[in-house]
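Engineer: Here's a structure for you.
The values are calculated or read from the model by the stated rules, or taken from the named source; none is laboratory data. What you are looking at is a predicted structure, and each value in this text was computed from that prediction instead of being measured. Because the Cβ atoms are built from the backbone with ideal geometry, glycine has one as well, and the counts that use them run over all protein chains shown.
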Amino acid sequence: MFVLLNPTAGGGRALARWKRVAAGLESRFGALEVHDSADPRVTQTRIAESLACGERRFVAAGGDGTVNRLISTLATVARPQLLPQISIGAVGLGSSNDFHKPFRNDAARGGIPDRLDFDAAAPHDVGVLLYADPQGTARRRYWINNASIGVTADGNYRFNAPDLALRCLKRLATGPAICYAALRALVAHRPRLMTLQWDEEPPVPVPVSNLGVVKNPHFAGSLRYDSPREPASGRFYVHLLEGQSVPRLLSALLGLSRGHFVRPGSRSWRAARLAVEARDPFPVEVDGEVVLARCACFALLPCRLRICP
């Protein structure tokens, strides 16, 4: 079994957490092929070699970014006809571990969640983000949980590029650090005029406060949408907040902390494709990782990988 380990996840606590569970995993699965995720080029080479040797079970040991890197690398290096034979598991060593939510007590060992039931692995759609960076270069990213534009992406952007106060908070506790980044993004927020076009619908100009593109309704710590989880439907949910003031956005975030999204200025629908354009570059978040884009298109690769429950 191939394990992609990010020892710096969870504010630098991931390696200690990994040492608490590694022996138990070896007793369950036999010898583990563990690789550090620090160098993307080395990761790509190691995964390609493992695939060539017949490995089909891959595990992300880290946070949501580690899951994203594993899935993105597999989608890049594996032949398309091989991908449905690959099963993905995960050990949650990160700050938020949205991939594992809702947490199951029977899948938490020593307080560390895992998804490692390979016998029950089931097909799962893989999200694709096609975008142009600020220089106009066409790029591609993959995602498995959710993506966002607007205040959530802005908060993730701040969380991933922290100031001194946020760096200190991240070392002490994840929850307050997420709240701090979110509040900073809220204070600075202004609705951004964007053009949305989904499926066969005509383009629509919208003052976007927040836009969620969702397979897994859990995101950013305790926040969650009220849409169902549909791993292999070939569609995602779009959750839009438009033209929101800072107080109304704060109210929306409080609602999302309880799993409630519907409110004035909100819209939700299912789609298989969504294109977004704006006059100036904007942050786009996919599985907690943030890029800057001039335009973006979200789509799905239906049932492309198998994911452990």
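Engineer: Have a look at Ala252, Ala275 and point out the one that is in contact with a Cys (Cβ under 6 Å, 6 or more places away or on another chain) and either surrounded by 17 or more Cβ atoms within 10 Å (Cβ to Cβ) or farther than 21 Å from His189 by Cβ (or both).
Structural biologist: Ala275
Engineer: Taking Gln81 as the residue in question, decide whether it is farther than 23 Å from Leu305 by Cα and either at pLDDT 90 or above or touching a helix residue (DSSP H, G or I) at 6+ places or on another chain (Cβ under 8 Å) (or both).
Structural biologist: Judged against the criteria, Gln81 is not a match.
Engineer: Which of the strands (runs of 3 or more DSSP E) found entirely inside region 1-77 contain at least 1 residues meeting this: of a type in the set (Asp, Glu)?
Structural biologist: Here the list reads 33-36.
Engineer: Cβ-Cβ distance below 9 Å, separation of 6 or more or different chains: which pairs start in region 68-84 with a residue that is of a type in the set (Lys, Arg) and end on one that is part of a helix (DSSP H, G or I) and at pLDDT 95 or above?
Structural biologist: Partner pairs satisfying both residue conditions: Arg79/Leu51.
Engineer: Let me ask you something else. Find the residue count for region 214-224, including only residues that are surrounded by 22 or more Cβ atoms within 10 Å (Cβ to Cβ) and either among the small types (Gly, Ala, Ser) or more than 17 Å from His100 (Cβ to Cβ) (or both).
Structural biologist: Count: 1.
Engineer: Go through (1) of a type in the set (A, V, I, L, M); (2) loosely packed, with under 13 Cβ neighbours inside 10 Å; (3) touching a residue at least 12 places away in the same chain (Cβ under 8 Å) and name the single condition Val21 misses.
Structural biologist: Result: Val21 fails condition (2) only.
Engineer: Do we have any residue at all in region 130-141 that's within 25 Å of Gly92 (Cα to Cα), modelled with pLDDT of 70 or more and not assigned by TED's automatic domain parsing to the domain that holds Phe58?
Structural biologist: The answer is yes; a qualifying residue exists.
Engineer: Can you tell which of Pro283, Pro302, Pro309 is in a loop (DSSP other than H, G, I, E, B) and either touching an Asp or Glu at 6+ places or on another chain (Cβ under 9 Å) or not polar (S, T, N, Q) (or both)?
Structural biologist: Going through Pro283, Pro302, Pro309 in turn, just one is in a loop (DSSP other than H, G, I, E, B) and either touching an Asp or Glu at 6+ places or on another chain (Cβ under 9 Å) or not polar (S, T, N, Q) (or both): Pro309.
Engineer: Residues in region 261-274: is at least one over 16 Å from the mean Cα position of the chain (by Cα) and under 12 Å from Ala147 (Cβ atoms)?
Structural biologist: yes
Engineer: Considering only region 111-144, how many residues are touching a residue at least 40 places away in the same chain (Cβ under 8 Å), under 17 Å from Cys295 (Cβ atoms) and not in a strand (DSSP E or B)?
Structural biologist: So the answer is 3.
Engineer: So in region 183-219, with the set limited to residues that are touching a Ser or Thr at 6+ places or on another chain (Cβ under 6 Å) and part of a loop (DSSP other than H, G, I, E, B), which one is farthest from Phe261 (Cα to Cα)?
Structural biologist: Only one residue fits best here, namely Pro203.
Engineer: How many residues does region 262-298 hold that are at pLDDT 95 or above and either touching a helix residue (DSSP H, G or I) at 6+ places or on another chain (Cβ under 7 Å) or not assigned by TED's automatic domain parsing to the domain that holds Val214 (or both)?
Structural biologist: Within region 262-298, residues that are at pLDDT 95 or above and either touching a helix residue (DSSP H, G or I) at 6+ places or on another chain (Cβ under 7 Å) or not assigned by TED's automatic domain parsing to the domain that holds Val214 (or both) number 1.
Engineer: Every residue in region 230-249 that is crowded, with 17+ Cβ neighbours inside 10 Å and more than 30 Å from Pro123 (Cα to Cα), please.
Structural biologist: Leu241, Glu242, Gln244, Leu249
Engineer: A follow-up question, please. Can you spot a residue in region 86-101 that is out of contact with any Lys or Arg (no Cβ under 9 Å at 6 or more places or on another chain), in the same structural domain as Thr8 (by TED's automatic domain parsing) and of a type in the set (Val, Ile, Thr)?
Structural biologist: No, the conditions are met nowhere in region 86-101.
Engineer: Considering only residues of region 275-289 that are of a type in the set (D, E, K, R) and on the phi < 0 side of the Ramachandran plot, which is farthest from the chain's Cα centre (by Cα)?
Structural biologist: By that ranking, first place goes to Arg279.
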